[in-house]
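Notes follow once the structure below has been shown.
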Amino acid sequence: MRITISSLCLLAGIATAQPAQLAPKPSWIRDLKVFSPISVSPHGELTFIGSDTKIHRTDAQGNEQWSFTLGDMGRAQPVVTPSGGVIGVSYDDTVYSLDAAGQLLWKQKLDGDIYATPALRADGSVIVTTAGGTAWALDSGGKTLWSFKAGAAIFSSPAIGPDGTIYFGTQGNLLQALTPDGQPKWSFAAKSMVFSSPALDQDGNIYFGSSDKHIYSLDPAGQLRWDKPTGMFVNASPIVTDDSLVVVGSYDGRVYAIKTSGQDAWTYNAGAGIAAPAAELSDGTIIVGDLNGTLHALSRNGLALWTLPTGKKIDIGVAVSDAGILYYSLSDGTLHANLKGRPLALGPWTTFRGVGTGWGRSLQAGDLATLKAARQAAAQAVSAQVTPPQLPVTQTPASPPSPVAQAPAPRPANPPMTPEQAAKAAASGALVQNNLIYVPLTASAGALGWKVTQVYPLSATLQSGTTVAAVPLALLSGQPFVSLGALSALPGTTTRLLPGGAGVQLTRTQQNTTLPIKVAQLIPFTAPPEFATPLNP
């Protein structure tokens, strides 16, 4: 029996780096001075920090829409909020919050350079870690909620678990866990520094690498589940695939895949050190770059599908749009795009920061459902751009016409609704989802004087005069709806509940609009017990 070297490698669990397919050539290349990881909005826009110390937003083709100048350079991934805004950080110790049009909402100076990507909580607050050794919680307006001194510099991007627990690594060799209100919960001591940013699985288990040449898994209580040795230090951040593999590269030139339960799955030899996180596509393909500048595409089993040498270092992860466009940037700042690919997989943490918008928190069932709907809608939109071939029309002999009743003349088109009519239409279509009241997008926007200019899978762009704003959407019964909270967050808008259950009043530009919504009927209020036991802090 003949046993080849490749067979021995496979028996040993080491995938060979022999590409089975031709690598796809980039559809386009643009010199955009990309310096940070790229965030991709649900509608395909790209947001990143450039080597010119600016936050840039471009369309899916790399055409700039706006830029904002920071006080210094920055390599952290900008976080895209559900409304299309941006949370960005830089080496000037400052957090910047921008709206969807790139205008500054607020900025907050902290106690040290900020290398790590912030984590966005569901309530709009952010967790930021600094080289000054402090974790900060800032509310959606930039005010400090709390701070925690970690005792050592922090370069690891914080991750937020299903219960709100905050995890990050420190240069003091710790993986630190904090409660949602910033109290120390537990810490786990590795044997060296933790640059790696934690990844989380669907059960809340934590995965990270360390400079001590190990990959670790902890349970939500901070107990060691398993650890795996590598040949060199692990600064890259792990991902967790949709079939429960923890995948992370090491400076030893290998990509390690370990089952979340701790069994080794496979090891792939890339041949050069790896600092970038991987990303999993919807068909199970894993994409990762190495420090020699080669982009690798691996199968679910860790076999090379193709390799693409670029000649320039790749030390940040790839970005993938819901429409399946693969973006990767090189150390020279050029951005490369491969069209007609696949979107990200829908696993618990299939890319750096969990989702392409960089939130850094565990996804709930509703988040996953929204992402799935968005990616399906994006795929359908791409398919709709292809014009089907026209089939020949077969002529049939004419037959004598049968007498028919005279059709009535067509009715004239309906005139535009007044704001009052739009408000009534919005109220009549109100629905409840996850204890939030949602109203139809077009009617509710019209009631406030906004015009809907673009509708995307997860957001919409509105315009009133020269003012442009973005709102997050929910697809309910296949139609776009917006929450009352998102409406009240529009520029210059305030909301109050009218007494006696008369409805909800929204005020914008000194104009009051009443949505006659029966709030008490939609969300009934249940009084708590008279002597309710207080919750533990």
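The values are calculated or read from the model by the stated rules, or taken from the named source; none is laboratory data. These figures come from a predicted structure and were not determined experimentally. So basically every Cβ, Gly included, is an ideal-geometry build from the backbone, and we count neighbours across all protein chains shown. Side chains included, ligands, DNA and RNA excluded: accessible areas come from the protein's heavy atoms. Shrake-Rupley method; radii C 1.70, N 1.55, O 1.52, S 1.80 Å.
Within the stretch 476-521, count every residue that is assigned to a strand (DSSP E or B) and closer than 29 Å to A373 by Cα.
7
Here's the yes/no breakdown for (1) more than 18 Å from S321 (Cα to Cα); (2) among the charged types (D, E, K, R); (3) over 23 Å from the mean Cα position of the chain (by Cα):
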{"position": "V247", "(1), (2), (3)": "yes, no, no"}
{"position": "I258", "(1), (2), (3)": "yes, no, yes"}
{"position": "N269", "(1), (2), (3)": "yes, no, yes"}
{"position": "D283", "(1), (2), (3)": "no, yes, no"}
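Identify the single condition in (1) of a type in the set (F, W, Y); (2) open to solvent by less than 30 Å² (accessible area, probe 1.4 Å); (3) closer than 18 Å to T117 by Cα that F195 does not satisfy, given that it satisfies every other one.
(2)
Which one of A369, A427 is at pLDDT 80 or above and either assigned to a loop (DSSP other than H, G, I, E, B) or surrounded by 12 or more Cβ atoms within 10 Å (Cβ to Cβ) (or both)?
Selected residue: A427, the only one of A369, A427 that is at pLDDT 80 or above and either assigned to a loop (DSSP other than H, G, I, E, B) or surrounded by 12 or more Cβ atoms within 10 Å (Cβ to Cβ) (or both).
Given the conditions (1) at negative phi; (2) open to solvent by 30 Å² or more (accessible area, probe 1.4 Å), report the number of the one that K213 does not fulfil.
That leaves (1) as the condition not met.
Hey, could you check the stretch 88-122 for residues that are of a type in the set (F, W, Y) and in a strand (DSSP E or B) and say which is farthest from F352 (Cα to Cα)?
Result: W106.
How many of the residues making up the stretch 104-126 are in contact (Cβ under 8 Å) with a residue 60 or more places away in the chain and either in contact with a Leu (Cβ under 8 Å, 6 or more places away or on another chain) or closer than 17 Å to P82 by Cα (or both)?
Within the stretch 104-126, residues that are in contact (Cβ under 8 Å) with a residue 60 or more places away in the chain and either in contact with a Leu (Cβ under 8 Å, 6 or more places away or on another chain) or closer than 17 Å to P82 by Cα (or both) number 6.
Going by what's in this entry, would R353 be described as in contact with a Gly (Cβ under 6 Å, 6 or more places away or on another chain), open to solvent by 70 Å² or more (accessible area, probe 1.4 Å) and at pLDDT 70 or above?
The answer is no for R353.
Could you check the stretch 285-313 and list, in sequence order, the residues that are of a type in the set (A, V, I, L, M) and in a strand (DSSP E or B)?
Once the filter is applied, which keeps residues that are of a type in the set (A, V, I, L, M) and in a strand (DSSP E or B), the stretch 285-313 yields I286, I287, V288, L295, A297, L298, A304, L305, L308.
So, D252, is that one surrounded by fewer than 23 Cβ atoms within 10 Å (Cβ to Cβ) and acidic (D, E) or not?
When the stated conditions are applied, D252 passes them.
Residue-by-condition table, conditions (1) within 20 Å of A76 (Cα to Cα); (2) of a type in the set (A, V, I, L, M, F, W, C); (3) in contact with a Lys or Arg (Cβ under 7 Å, 6 or more places away or on another chain):
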| position | (1), (2), (3) |
| --- | --- |
| A153 | yes, yes, no |
| S156 | yes, no, no |
| V194 | yes, yes, no |
| K213 | no, no, no |
| T230 | no, no, yes |
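Can you name the strands (runs of 3 or more DSSP E) wholly within the stretch 172-263 that have at least 3 residues being under 20 Å from S157 (Cβ atoms)?
Because the criterion is at least 3 residues that are under 20 Å from S157 (Cβ atoms), the strands (runs of 3 or more DSSP E) in the stretch 172-263 that meet it are 174-178, 184-189, 206-210, 214-218, 245-249.
Hey, among L174, L245, L145, which residue is of a type outside the set (F, W, Y) and out of contact with any Asp or Glu (no Cβ under 9 Å at 6 or more places or on another chain)?
Going through L174, L245, L145 in turn, the sole match is L174.
Kindly indicate whether V471 is open to solvent by 30 Å² or more (accessible area, probe 1.4 Å), closer than 24 Å to G84 by Cβ, hydrophobic (A, V, I, L, M, F, W, C) and at pLDDT below 70.
no
So, in the stretch 496-517, of the ones that are within 34 Å of the chain's Cα centre (by Cα) and open to solvent by 60 Å² or more (accessible area, probe 1.4 Å), which residue ends up modelled with the lowest pLDDT?
Once the filter is applied, the top-ranked residue is T509.
Please verify whether the stretch 318-335 includes one or more residues that are part of a loop (DSSP other than H, G, I, E, B), open to solvent by 40 Å² or more (accessible area, probe 1.4 Å) and within 20 Å of I49 (Cα to Cα).
Yes: the stretch 318-335 contains one or more residues that are part of a loop (DSSP other than H, G, I, E, B), open to solvent by 40 Å² or more (accessible area, probe 1.4 Å) and within 20 Å of I49 (Cα to Cα).
Of all residues being among the β-branched types (V, I, T) and buried (at least 22 other Cβ atoms within 10 Å of the Cβ) in the stretch 132-162, which is nearest to the chain's Cα centre (by Cα)? Just the residue, please.
Checked the stretch 132-162; the qualifying residue nearest to the chain's Cα centre (by Cα) is I160.
Residue check: is A177 free of Cβ contacts under 8 Å to residues at least 24 places away in the same chain and surrounded by fewer than 24 Cβ atoms within 10 Å (Cβ to Cβ)?
Judged against the criteria, A177 is not a match.
Cβ-Cβ below 6 Å, separation at least six or inter-chain, first residue in the stretch 462-481 and within 19 Å of L98 (Cα to Cα), second of a type in the set (S, T, Y) and at pLDDT 65 or above: which pairs?
Q463/T453; A470/S83; A470/T461; P472/S83
Mind checking which residues of the stretch 19-55 are in a strand (DSSP E or B) and over 12 Å from G74 (Cα atoms)?
Correct list: W28, I29, R30, D31, S39, V40, L46, T47.
Would you call G360 modelled with pLDDT of 75 or more, at negative phi and surrounded by 15 or more Cβ atoms within 10 Å (Cβ to Cβ)?
Considered against the rule, which asks whether it is modelled with pLDDT of 75 or more, at negative phi and surrounded by 15 or more Cβ atoms within 10 Å (Cβ to Cβ), G360 comes out as no.
Please verify whether the stretch 273-280 includes one or more residues that are in contact (Cβ under 8 Å) with a residue 24 or more places away in the chain, assigned to a strand (DSSP E or B) and either open to solvent by 20 Å² or more (accessible area, probe 1.4 Å) or within 23 Å of L46 (Cα to Cα) (or both).
Yes, there is a match, as at least one residue in the stretch 273-280 is in contact (Cβ under 8 Å) with a residue 24 or more places away in the chain, assigned to a strand (DSSP E or B) and either open to solvent by 20 Å² or more (accessible area, probe 1.4 Å) or within 23 Å of L46 (Cα to Cα) (or both).
Among the residues in the stretch 225-238, are any farther than 17 Å from P348 by Cα, buried (at least 22 other Cβ atoms within 10 Å of the Cβ), under 23 Å from the mean Cα position of the chain (by Cα) and among the hydrophobic types (A, V, I, L, M, F, W, C)?
Checked the stretch 225-238: at least one residue is farther than 17 Å from P348 by Cα, buried (at least 22 other Cβ atoms within 10 Å of the Cβ), under 23 Å from the mean Cα position of the chain (by Cα) and among the hydrophobic types (A, V, I, L, M, F, W, C).
Do the conditions hold for G284, that is, is it in contact (Cβ under 8 Å) with a residue 40 or more places away in the chain and closer than 25 Å to K340 by Cβ?
yes
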